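**Student:** Here it is, the structure in full.
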Amino acid sequence: MLPSSMALLGLTLSAPPPSPPPTAPAAPVLHAQCRTHAADPGNPWALAHGMDLDGRAFRTREGRPAAEAIVAGFLRRESPKAAPPARYFFDAFTPDGTPVEPHPALQVKTLLLSGHPLSHTFPAAWGPVSLRELVASLQHDFRPALATSPEGAWALDALSRVHKPGGAFQNGAGQTVRIDAVMDAALGTLESANSALAEGMKAGRAQVPKNKQGIYAHPCGGLHFFQAVAGWARFPSVRKAWGARLDAQVDVLVYRLGSEARQYEAALVAAPAFRVPVLVQMVKFYGHWLEALGRYRDETGWKPTPAQARAVEQARAALERAALQLEATGAFRDTATLARKEPQLALDLVGDACHAARGWDLWAPPGAK
């Protein structure tokens, strides 16, 4: 989280952001930051972010598959005396505060999206556990209220990987959960959260201030929630049913690019003492933004309009500029020192570099990753 004084992001900047500098090699910096610092076998949250970039191929610095390290070291289960089937779970944090699964289902979602089939087994402390069993535990714990919660993005993304339209399952409370109803509720949640931005877009306002309202009350600005919802539209029947409603959310996301860019640039000028946290926030936003639209394109076949394609190029240029400015501060080169002084900011520097590298790769020309 940024300091409260970063309400400066709400300052108005009448002119658009400055033009990007000539292309520079920021992408290798982002990739190196992720692959170096996310490979800590004692930090499962970081390992999951490395898998966001490199999928099931990502390994710890000792060479072990990251997925195995996560499950073997951090998966927990209810007492063996509990009634079958066994229930598996990850704690939100370790006793010393290391993040494991601060958002429900983050790890299961990561395992699914990294390419592991449901039949894949992982070595746990007590024996092999399949991904199918982990999904069963997710379904057992799932409550429909997560579809309307900012914390629901990861569980929604995971469930949409293993269900098709018309699918259903029973949770541990005995409720029959229908995936269509869950995802329809999630779309409604996204629309409601984005309402202020949608109004600003329709009114032609240059920006909508970020005041932790609506979508800005979600982790990572709701960009994970967009990914979870938009990915469900990979099914033609869903795409047809949602139609213009989903198109409008894509338009809002594109509008956000200019709206937030103005506020970040204003904050850099108005609060030079907070240059590093502002730049980290910029890398977070531009990287997640590119990742969100890249996933949407790849999963649904979406084809951007010429204006949307220009927005993608603007986002890539903005990410390039922000990453290079952050590199110039030395933060990437001395993340360990930063971790001792500001541990949350150091975590952001790692996780956001992974998302930014993934977002960059999704839109890089062939052979340029």
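**Student:** Given (1) modelled with pLDDT under 95; (2) under 21 Å from Pro343 (Cα atoms), identify the lone condition not met by Ala27.
**Tutor:** Here Ala27 clears every test but (2).
**Student:** Further question on the same structure: Would a scan of region 326-334 turn up a residue that is out of contact with any strand residue (DSSP E or B) (no Cβ under 6 Å at 6 or more places or on another chain), part of a helix (DSSP H, G or I) and within 21 Å of Trp289 (Cα to Cα)?
**Tutor:** The answer is yes, given that some residue of region 326-334 is out of contact with any strand residue (DSSP E or B) (no Cβ under 6 Å at 6 or more places or on another chain), part of a helix (DSSP H, G or I) and within 21 Å of Trp289 (Cα to Cα).
**Student:** Kindly provide the set of residues from region 137-169 that are under 21 Å from Ala233 (Cβ atoms), of a type in the set (S, T, N, Q) and assigned to a helix (DSSP H, G or I), ordered by number.
**Tutor:** Selection gives Thr148, Ser160.
**Student:** Counting only residues that are in a loop (DSSP other than H, G, I, E, B) and among the charged types (D, E, K, R), which one in region 170-212 is surrounded by the fewest Cβ atoms within 10 Å (Cβ to Cβ)?
**Tutor:** Per the stated criteria, the residue is Lys212.
**Student:** Before we move on, is Glu291 assigned to a helix (DSSP H, G or I), more than 19 Å from Ile215 (Cβ to Cβ), among the acidic types (Asp, Glu) and touching a Gly at 6+ places or on another chain (Cβ under 8 Å)?
**Tutor:** no
**Student:** If you take the residues of region 104-136 that are free of Cβ contacts under 8 Å to residues at least 40 places away in the same chain and part of a helix (DSSP H, G or I), which of them is surrounded by the fewest Cβ atoms within 10 Å (Cβ to Cβ)?
**Tutor:** Per the stated criteria, the residue is Arg132.
**Student:** Quickly run through region 30-77 and pick out the residues that are among the acidic types (Asp, Glu) and touching a strand residue (DSSP E or B) at 6+ places or on another chain (Cβ under 8 Å).
**Tutor:** Result: Glu68, single match.
**Student:** Going by the structure shown, is Gln344 surrounded by fewer than 19 Cβ atoms within 10 Å (Cβ to Cβ), assigned to a helix (DSSP H, G or I) and within 20 Å of the chain's Cα centre (by Cα)?
**Tutor:** yes
**Student:** Next question, about the same structure. If I ask for residues that are over 20 Å from Gly231 (Cα atoms) and either among the hydrophobic types (A, V, I, L, M, F, W, C) or modelled with pLDDT under 95 (or both), which ones from region 128-140 would you list?
**Tutor:** Passing the criteria: Val129, Leu131, Leu134, Ala136.
**Student:** Separate question: For Lys284, are the conditions met, namely being touching a Cys at 6+ places or on another chain (Cβ under 8 Å) and of a type in the set (Lys, Arg)?
**Tutor:** yes
**Student:** Select from region 140-169 the residues that are under 23 Å from Glu78 (Cβ atoms), in contact (Cβ under 8 Å) with a residue 12 or more places away in the chain and surrounded by fewer than 21 Cβ atoms within 10 Å (Cβ to Cβ) and list them in ascending order.
**Tutor:** Within region 140-169, His140, Asp141, Arg143, Pro144, Glu151, Val162, Phe169 meet the criteria.
**Student:** Take the conditions β-branched (Val, Ile, Thr), part of a helix (DSSP H, G or I) and either more than 27 Å from Asp40 (Cβ to Cβ) or touching a Pro at 6+ places or on another chain (Cβ under 9 Å) (or both) and apply them to Val250. Does it pass?
**Tutor:** Yes: the conditions hold for Val250.
**Student:** Let me ask you something else. Taking region 188-200 on its own, how many of its residues are in contact (Cβ under 8 Å) with a residue 24 or more places away in the chain and more than 24 Å from the chain's Cα centre (by Cα)?
**Tutor:** 1
**Student:** Name the residues in region 62-81 that are part of a strand (DSSP E or B) and farther than 17 Å from Ala136 by Cβ, would you?
**Tutor:** The answer is Pro65, and nothing else.
**Student:** Further question: Is it the case, given these coordinates, that Ala86 is in a loop (DSSP other than H, G, I, E, B) and surrounded by fewer than 22 Cβ atoms within 10 Å (Cβ to Cβ)?
**Tutor:** The answer is yes for Ala86.
**Student:** Can you name the residue in region 215-243 that is farther than 17 Å from Leu257 by Cβ and free of Cβ contacts under 8 Å to residues at least 24 places away in the same chain and is also surrounded by the fewest Cβ atoms within 10 Å (Cβ to Cβ) among such residues?
**Tutor:** Per the stated criteria, the residue is Lys240.
**Student:** If a residue must be under 30 Å from Thr335 (Cα atoms) and not aliphatic (A, V, I, L, M), how many such residues does region 234-278 contain?
**Tutor:** Qualifying residue count for the region: 12.
**Student:** Name the residue that is surrounded by the fewest Cβ atoms within 10 Å (Cβ to Cβ), counting only residues in region 293-308 that are of a type in the set (D, E, K, R) and under 11 Å from Gly231 (Cα atoms).
**Tutor:** Ranking the qualifying residues of region 293-308, first place goes to Asp298.
**Student:** Could you grab me the full set of residues in region 295-319 that are closer than 20 Å to Tyr264 by Cβ and under 19 Å from the mean Cα position of the chain (by Cα)?
**Tutor:** Val312, Ala315, Arg316, Ala318, Leu319
The values are calculated or read from the model by the stated rules, or taken from the named source; none is laboratory data. Everything numeric in this text was worked out from a predicted model, so none of it was measured. With ideal geometry, Cβ positions are generated from the backbone for all residues, glycine too; neighbour counts draw on all protein chains shown.
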